[in-house]
Amino acid sequence: MRRPVAVRVVGPLQWIVYPALLVLAATVVLGTPLQLFGLHLPEPVIPMILAFAWPLIRPSMLAPAALFLIGLFLDLFWNTPLGLWALCLMGVYGTVLLSRNLLAGHEGLIRFGAYAACTLGAFFLAYLVVTMRTRRRSCRWSDRSCRRCCCFRSPTGCLSDSTTEIFGSDERRALHLLCRCE
């Protein structure tokens, strides 16, 4: 006579919510301003792991919504443009979901290469968005005295007094010398 085997069903709480909360906790812990031996803690984008794993292992309708909310949390936590990390995480999720059939039967090294490529692609997308956003708002190429230091300019002019609060006085002087702004 066979004994009944207890089957544990993994629902959305165990599959989506708990990993999302663990990722958010790890992001906050690694985001603390703590120095060990003069070095800061690394600040990796840990939700990228979920954006790669969820569509590959078990795609669902809740995962993109959870990734979007995690991305908005990252934007608020790191003070980046709102929607930047949500866009990057959703881009990785969509890419892996479309290439799921290609990645399903391969060994770990090939999946790691795909993860590295997706991560680099997400960082490149973030770089493009931030670069386009920065250049559109702050660069005025008609101002000849600050043409070389366009990336350090504020919307009101080249290195205004508000940058002292952001960069500090020593960095402001160094940027003035680097850019030769007047």
Two pseudo-spin positions, 7 Å from Cα along C-beta at residue 123 and at residue 97, lie apart in nanometres by 2.5 nm
With +1 at each Lys and Arg Cβ and -1 at each Asp and Glu Cβ, the charge dipole magnitude of segment 45-138 around its Cα centre, to the nearest 20 debye, comes out at 300 debye
Taking a ≥ b ≥ c as the square roots of the Cα gyration tensor eigenvalues, with a/c under 1.5 meaning rounded and otherwise prolate when a/b beats b/c or oblate if not, segment 23-110 comes out oblate
Site residue 104, offset 7 angstrom along Cα→Cβ, radius 15 Å on amide nitrogen, limited to segment 54-69, gives 55-60
Sorted largest first, the C-alpha extents of segment 6-56 along its principal axes in whole angstrom are 51, 22, 14
Here FRET efficiency (C-beta to C-beta, residue 62 to residue 22, R₀ 22 Å, nearest 0.05) is 0.85
Inter-part gap, Cα centre of segment 73-133 to Cα centre of segment 38-67, in whole angstrom, is 9 Å
Here FRET efficiency (C-beta to C-beta, residue 82 to residue 37, R₀ 30 Å, nearest 0.05) is 0.30
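Each value in this text was obtained by applying a stated rule to the coordinates, not by laboratory testing. On a predicted model such as this, the values are computed, not experimentally measured, just so you know. Glycine also receives a Cβ, built like all others from the backbone with ideal geometry; neighbour counts cover every protein chain displayed.
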